[in-house]
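First the structure, in the form of structure tokens, and then the observations on it.
The values are calculated or read from the model by the stated rules, or taken from the named source; none is laboratory data. Note that the coordinates shown come from a computational prediction; the quantities given were computed from them, not determined experimentally. Glycine also receives a Cβ, built like all others from the backbone with ideal geometry; neighbour counts cover every protein chain displayed.
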Amino acid sequence: MTVMPLFAFDPGLGFEMFVIDLPQGTFSESPAHAPGIVEHVVVIEGSWNSRSRGSGTAWKPAMPCASPPTNPCLSQSRCG
């Protein structure tokens, strides 16, 4: 997995954006985020959690997340 900042954190906007490359078969875990944080995923190439190229989703990751094989954020009320 590689992570590259696209936009550094801007405290005025409360926003940052990364490009994350998850090669096929990669397992990734993330801790729960602070209240109010919204995480967005846009699939640029390939597929991710039943989403294909050009699609996306957003959720409030109020609990730890794992991807793949399953992502509890997407299967349990989108983390909130």
>> Go through (1) surrounded by 12 or more Cβ atoms within 10 Å (Cβ to Cβ); (2) at pLDDT 80 or above; (3) part of a strand (DSSP E or B) for Leu6 and report which single condition fails.
In response: (1)
> What is the one condition in (1) farther than 16 Å from Pro64 by Cβ; (2) assigned to a strand (DSSP E or B); (3) of a type in the set (Asp, Glu) that Glu45 does not satisfy?
Replying inline: (2)
>> Is it the case, given these coordinates, that Gly25 is out of contact with any strand residue (DSSP E or B) (no Cβ under 7 Å at 6 or more places or on another chain) and either at pLDDT 85 or above or part of a strand (DSSP E or B) (or both)?
In response: no
